[in-house]
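J.: Submitted below is the structure of interest, expressed as structure tokens.
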Amino acid sequence: MWIHWPTQIGQPLPPADAALDRLARQLRQDVEVLAEQIGPRSLLDRPDRLAQAAQYIQQRLEKLGYQVTRQEYSAWGHQVANLAAQRPGHSRPDQILLLGAHYDTVAGSPGADDNATGVAALLALAERFAQTRPSRTVRLVAFANEEPPFFQTQAMGSFVYAQECRRRGEHIVAMFSLESLGYYCLEPGSQEYPVPFGWMAPNVGNFIAFIGNQRSELLVRHVTALFEQREQFPSGGAALPELVPGVAFSDHWAFWEQGYPALMVTDTAMYRNPFYHTAEDKPAIIDWDRLARVVRGLCAVLETLAGED
């Protein structure tokens, strides 16, 4: 077990520049389309909107120049799809850096933070990598059916996708699950933790966390250190037993099941956000500036990993 408590908690953020402002506007646009124009995206009650969200993501990726591969499968009598696009590596194409985010919501929630912010970050990273020539292959995947009742079942989109990756014998060197990235609070007492960790941890919810299981500890350590080096933003990391509540609560779990190193990037969701899994998870609760800083830092981390020898 390894824990690196969040750093830079009380430090002011550097002034935003024009590029960061542009990134914040683009992230906001994507979140507002998914959470306001489309709205709740659950197969349980709005399969039409789930399909509409998939269409939007595919069109955005295609506009960036990607060829999108749809992995379609049946769940509860409906066809759903995982959407994948990639930038092939030029010297180590067999080594895959996989970035994923689920685009569904719980029934009745517009899912601005959970998980339109993750999808918006995925699209921003796709735009960045469309302009680069990475050494390793960078693959971007939008997953269906992460939320209950599909979570940790064979109908979970990332589980279907990870199984296929293993069947093909693919060498995924790291999987990043982008999960709820946009809710921040500067008030003391705004951050909670699973038992028994809270008594020793910062209680202000203004940081981003990198969470993995014990088998992914080296990856979590490396990514946490890289983010701290490249972005002046409060951040922390932990590699914990999977039984700790929340540690396995996203698409990275599916890749652990197939033996791949994977981690979750998150604002900690239910441990901070009072609107988690409710009808009030709307764009108005998102901190666009902080979301953009997190995505900018992730871009720097992932570019390093994609080009590492």
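J.: State all residues of the range 5-39 that are under 29 Å from Ala142 (Cα atoms) and touching a Gly at 6+ places or on another chain (Cβ under 9 Å); if no residue qualifies, say none.
T.: Pro6, Leu27, Val31, Leu34, Ala35, Gly39
J.: Which condition number does Glu257 fail, the rest of (1) surrounded by fewer than 21 Cβ atoms within 10 Å (Cβ to Cβ); (2) acidic (Asp, Glu); (3) closer than 23 Å to Gln11 by Cβ being met?
T.: Condition (3) is where Glu257 drops out.
J.: In the range 237-258, what residues are among the polar types (S, T, N, Q) and closer than 23 Å to Thr105 by Cα? Explain how you work it out, then say what you get.
T.: Step one: of the range 237-258, the residues among the polar types (S, T, N, Q) are 250, 258.
Selection gives Ser250 alone.
J.: What's the total number of residues in the range 1-10 that are surrounded by 14 or more Cβ atoms within 10 Å (Cβ to Cβ), part of a loop (DSSP other than H, G, I, E, B) and not polar (S, T, N, Q)?
T.: So the answer is 1.
J.: So, of the residues in the range 70-98 that are exposed (fewer than 14 other Cβ atoms within 10 Å of the Cβ) and among the hydroxyl-bearing types (Ser, Thr, Tyr), which turns out to be farthest from Leu298 (Cα to Cα)?
T.: Here the answer is Ser74.
J.: Could you figure out which of (1) out of contact with any helix residue (DSSP H, G or I) (no Cβ under 9 Å at 6 or more places or on another chain); (2) over 28 Å from Tyr276 (Cα atoms); (3) buried (at least 20 other Cβ atoms within 10 Å of the Cβ) isn't true of Glu62?
T.: For Glu62, the exception is condition (3).
J.: Kindly indicate whether Leu226 is surrounded by 17 or more Cβ atoms within 10 Å (Cβ to Cβ), under 23 Å from Ala126 (Cα atoms), of a type outside the set (S, T, N, Q) and touching a Ser or Thr at 6+ places or on another chain (Cβ under 8 Å). Walk me through how you get there before you give the answer.
T.: Details: surrounded by 17 or more Cβ atoms within 10 Å (Cβ to Cβ): yes; under 23 Å from Ala126 (Cα atoms): yes; of a type outside the set (S, T, N, Q): yes; touching a Ser or Thr at 6+ places or on another chain (Cβ under 8 Å): yes.
Considered against the rule, which asks whether it is surrounded by 17 or more Cβ atoms within 10 Å (Cβ to Cβ), under 23 Å from Ala126 (Cα atoms), of a type outside the set (S, T, N, Q) and touching a Ser or Thr at 6+ places or on another chain (Cβ under 8 Å), Leu226 comes out as yes.
J.: Follow-up question, since we're still on this one. If I filter the range 177-189 for residues that are aliphatic (A, V, I, L, M) and touching a helix residue (DSSP H, G or I) at 6+ places or on another chain (Cβ under 7 Å), do I get at least one hit? Show your work before the answer.
T.: Of the residues in the range 177-189, the ones aliphatic (A, V, I, L, M) are 178, 181, 186.
Now narrow it down to the ones that are touching a helix residue (DSSP H, G or I) at 6+ places or on another chain (Cβ under 7 Å): 178, 181.
Yes, the conditions are met somewhere in the range 177-189.
J.: Oh, and also: Can you pull out every residue in the range 171-192 that is closer than 16 Å to Ile9 by Cα and outside any loop (DSSP other than H, G, I, E, B)? Reasoning before the result, please.
T.: Of the residues in the range 171-192, the ones closer than 16 Å to Ile9 by Cα are 183-192.
Scanning the range 171-192 gives a single hit, Pro188.
J.: Among what's in the range 40-55 and is surrounded by fewer than 19 Cβ atoms within 10 Å (Cβ to Cβ) and not acidic (Asp, Glu), pick the residue that is modelled with the lowest pLDDT.
T.: Step one: of the range 40-55, the residues surrounded by fewer than 19 Cβ atoms within 10 Å (Cβ to Cβ) are 44-45, 47-48, 51-52, 55.
Among the residues that remain, those that are also not acidic (Asp, Glu) are: 44, 47, 51-52, 55.
Values: Leu44: 94, Pro47: 97, Ala51: 98, Gln52: 98, Gln55: 98.
For the range 40-55, the residue satisfying everything is Leu44.
J.: Scan the range 61-82 and tell me whether some residue there is of a type in the set (Asp, Glu) and in contact (Cβ under 8 Å) with a residue 24 or more places away in the chain. Quick ask: steps written out before the conclusion?
T.: The first filter runs over the range 61-82 and keeps only residues of a type in the set (Asp, Glu), leaving 62, 72.
Narrowing further to those that are in contact (Cβ under 8 Å) with a residue 24 or more places away in the chain: none.
Scanning the range 61-82, I find no residue that is of a type in the set (Asp, Glu) and in contact (Cβ under 8 Å) with a residue 24 or more places away in the chain, so the answer is no.
J.: Looking at the structure I just gave you, is Leu97 of a type in the set (A, V, I, L, M), over 26 Å from Asp45 (Cβ atoms), at pLDDT 95 or above and in contact with a Pro (Cβ under 9 Å, 6 or more places away or on another chain)?
T.: Details: of a type in the set (A, V, I, L, M): yes; over 26 Å from Asp45 (Cβ atoms): yes; at pLDDT 95 or above: yes; in contact with a Pro (Cβ under 9 Å, 6 or more places away or on another chain): yes.
The answer is yes for Leu97.
J.: Given the structure, is Gln26 surrounded by 12 or more Cβ atoms within 10 Å (Cβ to Cβ), at negative phi, free of Cβ contacts under 8 Å to residues at least 60 places away in the same chain and not β-branched (Val, Ile, Thr)?
T.: no
J.: While we're here: Would you mind telling me which numbered condition in (1) closer than 30 Å to Asn203 by Cβ; (2) out of contact with any Lys or Arg (no Cβ under 8 Å at 6 or more places or on another chain); (3) hydrophobic (A, V, I, L, M, F, W, C) Trp2 fails?
T.: If we test Trp2 against (1) closer than 30 Å to Asn203 by Cβ; (2) out of contact with any Lys or Arg (no Cβ under 8 Å at 6 or more places or on another chain); (3) hydrophobic (A, V, I, L, M, F, W, C), just (2) comes out false.
J.: With respect to Ser216, determine if the residue is in contact with an Asp or Glu (Cβ under 7 Å, 6 or more places away or on another chain) and among the hydroxyl-bearing types (Ser, Thr, Tyr). Don't jump to the end; show me each part of the working.
T.: Values: in contact with an Asp or Glu (Cβ under 7 Å, 6 or more places away or on another chain): no; among the hydroxyl-bearing types (Ser, Thr, Tyr): yes.
No.
The values are calculated or read from the model by the stated rules, or taken from the named source; none is laboratory data. A quick note: this is a predicted structure, and the numbers were derived from the prediction, not measured. Please note: Cβ atoms are built from the backbone with ideal geometry, for glycine as well, and neighbour counts cover all protein chains shown.
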